[in-house]
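Below is one structure, written out as structure tokens; comments come after it.
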Amino acid sequence: MNEGLGPLAGRRIVVGVSGSIAAYKAVSLVRMLGDRGAVVDVAMTAAATRFVGPLTFESLTHRPVLDDVFELDAEQQIAHIELAEAADAIVLAPATANLIGELAAGLVGDAVTAIACASRAPVIVAPAMDAGMWTHPATQRNVATLRDFGYILVEPEVGELASGLTGIGRLAEPPTIVAAVEHLFARAGDLEGLHVVVSAGGTREPLDPVRFIGNRSSGKMGAALAEAARDRGAAVTLIAGVMSVTPPRGVTVIEATTAHAMRESVLRAAPNADILVMAAAVADFAPARASQRKIKRSGDTLQIELVPNPDIVAEVGEMPDEVRPFLIGFAAESNDLEANAAAKLRDKGLDLIVGNVVGGPFDAIGSDENKVTVFAAEGALTDWPMLPKRQVAERLWDLIADRYRHSRGATESTTSPRRRRS
Ligand code: PMT
């Protein structure tokens, strides 16, 4: 990447153009991305080529346009797979209702869908269509599916449409789309040089060789945080309780399925961490004794004595400044979220606490989405809607990176950790 020229310098961006009258705006978009130093490749659907000729894009980018999935490049590579692998980001603009539907269904019929489907790069979608098509339940459902895939949506705007009517559905203006791409890369490396520890999942406190006291935590929230931190350049350690999702690749995973095991792992990792996020649902109590033998059924009631588990995050909160990481806890509450979160923030010595609701219609546990409120000593900092957990994680890292930077002083950046590690 060409340092100092802005977030797009040297980035490989594939612009996928589909068949809409708004395809002409993709010409300005490609020019603007190129002006900012991005290396732009254009892929077109057959319908798009009827609105703008490939030659227009080729003249701007000095690179061949891909409009055929059967195309091979000079080295006889499959061109769309090569582009999919090389891309740092894919921008679908304009994205028609048809393209959005195909992507939501996983249908690969042309160069644009083939690249988007084959690539692991982030995808930005800028829809353009008639207002009726945009508001149709099928389109809205497909858009929601793309959001679930983690695609970033640049909302269509209200204005005059191709039909001559005024309504929602106009392609966002190229500067708006460029800003979304820049935002993506501006934060891409903001955790570089930092060691981030995230705990995820639930603990299981054994009663006997087969039974335990546990909870419904899936680990999705913690895994999303670990994955997002990895993508933003952090070295990530994931302390994994019992999780129903696979931990992300490229992070160091330490398994810790009881509260005591998690305590040991967290206390060992914390002094080497710049930031610790405790998203794990740690059992507050454990059976006083785990029976070595399976407890037999009897006619009598069974009394189980529970003893409190150590409060792990509170122990980290008490560490001396030189080794204490920037500390974020979660508060899982069924009621009085704000008051309970504020008390936990104070009592556990946290820098920030992320409040979320458990039980009821907004249940954070096990679900793919979450509605969180972040609290600091001065009160609530956010008012975010229900979002997919990956998007919650991105917003959390935006906020955490900013607060971390300020806590370490204006002269240091997040890319210069406060302590040198051996
Ligand atoms: O895993 P998912 O299905 O995606 O669900 C996510 C989640 C709801 C579990 C997650 O978002 C969440 O809220 N995690 C914290 C759950 C919890 O234990 O909350 P708490 O309010 O009981 O604990 C407050 C904080 O203290 C938490 O950061 C917790 O990790 C920590 N703690 C709790 C008990 C304990 N003995 N030691 C701790 O360190």
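Numbers for the structure displayed
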| quantity | calculated |
| --- | --- |
| Fluctuation leader among GLU182, GLU102, GLU322 - the chain, Gaussian network, Cα springs under 10 angstrom | GLU322 |
| Angle between the chain longest axis and helix 23-35 axis [Cα atoms, degrees, rounded to 10] | 70 |
| Rounded to 5, the percent of DSSP beta bridges in region 195-407 classed as antiparallel | 35 |
| Out-of-range pairs (alpha-carbon distance over 31 Å; input LYS294/LYS348; LYS220/LYS344; LYS294/LYS344; LYS220/LYS348) | LYS294/LYS348; LYS294/LYS344 |
| Segments 339-346, 304-311, 196-203, 167-174 sorted - mean Cβ within 10 Å per residue, highest first | 196-203, 167-174, 339-346, 304-311 |
| Zone residues, region 200-224, relative to THR301, backbone N less than 20 Å from point 7 Å out along Cα-to-Cβ | 213 |
| Whole-number percent relative contact order across region 12-187, with pairs defined as alpha carbons under 8 Å at least 6 apart | 23 |
| Tilt relative to the chain, helix 174-186 - C-alpha long axis, 0 to 90 degrees, to 10 | 40 |
| Largest-first ellipsoid semi-axes for region 195-407, taking √(5λ) over the Cα gyration tensor eigenvalues, angstrom | 29, 19, 17 |
| Relative contact order for the chain, counting Cα pairs under 8 Å that sit 6 or more residues apart, in percent | 11 |
| Packing-based ranking, highest mean first, of 49-56, 353-360 given that Cβ atoms within 10 Å are counted | 353-360, 49-56 |
| The chain: angle of helix 259-269 to the longest principal axis, Cα-based, in degrees nearest 10 | 60 |
| Share, in percent, of DSSP beta bridges within the chain that are antiparallel, nearest 5 | 30 |
| Normalised contact order of region 195-407, rounded percent, pairs of Cα under 8 Å and 6 or more residues apart | 19 |
| DSSP beta bridges in region 1-160 [antiparallel fraction, %, rounded to 5] | 5 |
| Sorted largest first, extent of the chain alpha carbons per principal axis (Å) | 78, 56, 46 |
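Bear in mind these aren't lab numbers, they're just calculated from the coordinates by the rules spelled out. Small disclaimer: the values here were computed from a predicted structure and weren't measured. So basically every Cβ, Gly included, is an ideal-geometry build from the backbone, and we count neighbours across all protein chains shown.
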